[in-house]
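Asker: The following block contains the structure, expressed as structure tokens.
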Amino acid sequence: MSKILTACPHCHALNNIASDLALTKTPVCGSCGKEIKLHGLASEVNGDDLRRIIKKAQVPVIVDFWADWCGPCKMYAPEFEKASKKYSDKAIFLKVDTMKDPAISQQMNIRGIPATIVFKNGQEYRRQAGALAADSIIHLID
């Protein structure tokens, strides 16, 4: 059984969530007890939580930088969710809304969205601009 590492959107505590259970019911935070909304098995985090997860992750972290107004981002979202369900044992999938946290976009040098960045061992490993198919996303970590 694989686990996904995420941060609670309410109290920002880090949580390990069993991926098989997260597919059948909405997970709750182990600290505050509030629901953690997932997109497939991808969770939405802010910049501070992203940095903490990247530091702590034992597997690659794949991050989708997106915005609600972005048409290609909306087309990419289902593919990213599909990849998160299919490959949750190989990577942690996160989403960062660039409108809610523009500072992290600037720090990560995001020039266009959607943008996907893979982090390995706490460092940026690879990045890809534009939307990808679900199976192409996992090839970014190979």
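Asker: Being among the small types (Gly, Ala, Ser) and either in a strand (DSSP E or B) or touching a Pro at 6+ places or on another chain (Cβ under 6 Å) (or both) is the filter; apply it to the stretch 19-48 and report the residue that is nearest to THR98 (Cα to Cα).
Answerer: SER43
Asker: Right, something else. Residue check, GLN58 against (1) more than 14 Å from the chain's Cα centre (by Cα); (2) outside any loop (DSSP other than H, G, I, E, B); (3) closer than 26 Å to ASP142 by Cβ, all met but one. Which one?
Answerer: Among (1) more than 14 Å from the chain's Cα centre (by Cα); (2) outside any loop (DSSP other than H, G, I, E, B); (3) closer than 26 Å to ASP142 by Cβ, the lone unmet condition for GLN58 is (2).
Asker: While we're here: Any residue that is closer than 21 Å to ASP142 by Cβ and over 10 Å from the mean Cα position of the chain (by Cα) - is there at least one of those in the stretch 71-81?
Answerer: For the stretch 71-81, residues closer than 21 Å to ASP142 by Cβ and over 10 Å from the mean Cα position of the chain (by Cα): present.
Asker: So how many residues does the stretch 67-96 have that are assigned to a loop (DSSP other than H, G, I, E, B), under 19 Å from ASP20 (Cα atoms) and free of Cβ contacts under 8 Å to residues at least 60 places away in the same chain?
Answerer: 3
Asker: Take the residues in the stretch 27-69 that are among the acidic types (Asp, Glu) and touching a strand residue (DSSP E or B) at 6+ places or on another chain (Cβ under 6 Å); name whichever of them is surrounded by the fewest Cβ atoms within 10 Å (Cβ to Cβ).
Answerer: Ranking the qualifying residues of the stretch 27-69, first place goes to GLU35.
Asker: Same structure, new question: Which of the numbered conditions does ASP64 fail, given that it passes all the others? Conditions: (1) in a helix (DSSP H, G or I); (2) at pLDDT 95 or above.
Answerer: So ASP64 meets the others, but not (1).
Asker: Related question: Name, by its number, the condition in (1) over 16 Å from ALA42 (Cβ atoms); (2) buried (at least 23 other Cβ atoms within 10 Å of the Cβ) that does not hold for ALA91.
Answerer: (1)
Asker: Which condition from (1) in contact with a Leu (Cβ under 6 Å, 6 or more places away or on another chain); (2) part of a helix (DSSP H, G or I) is the one that ILE4 breaks?
Answerer: (2)
Asker: For the stretch 97-106, what are the residues that are surrounded by 15 or more Cβ atoms within 10 Å (Cβ to Cβ) and either touching a helix residue (DSSP H, G or I) at 6+ places or on another chain (Cβ under 8 Å) or in contact (Cβ under 8 Å) with a residue 60 or more places away in the chain (or both)?
Answerer: THR98, ASP101, ILE104
Asker: Being surrounded by fewer than 19 Cβ atoms within 10 Å (Cβ to Cβ) and in a strand (DSSP E or B) narrows it down to one residue among ASN109, ASN16; which is it?
Answerer: Matching residue, one of ASN109, ASN16: ASN16.
Asker: Considering only residues of the stretch 122-142 that are among the polar types (S, T, N, Q) and farther than 24 Å from PRO9 by Cα, which is surrounded by the most Cβ atoms within 10 Å (Cβ to Cβ)?
Answerer: Per the stated criteria, the residue is GLN128.
The values are calculated or read from the model by the stated rules, or taken from the named source; none is laboratory data. Just so we're clear, the structure is a prediction, and the values are computed from it rather than from any experiment. In this analysis, Cβ positions are derived from the backbone assuming ideal geometry, glycine residues included, and neighbour counts consider all displayed protein chains.
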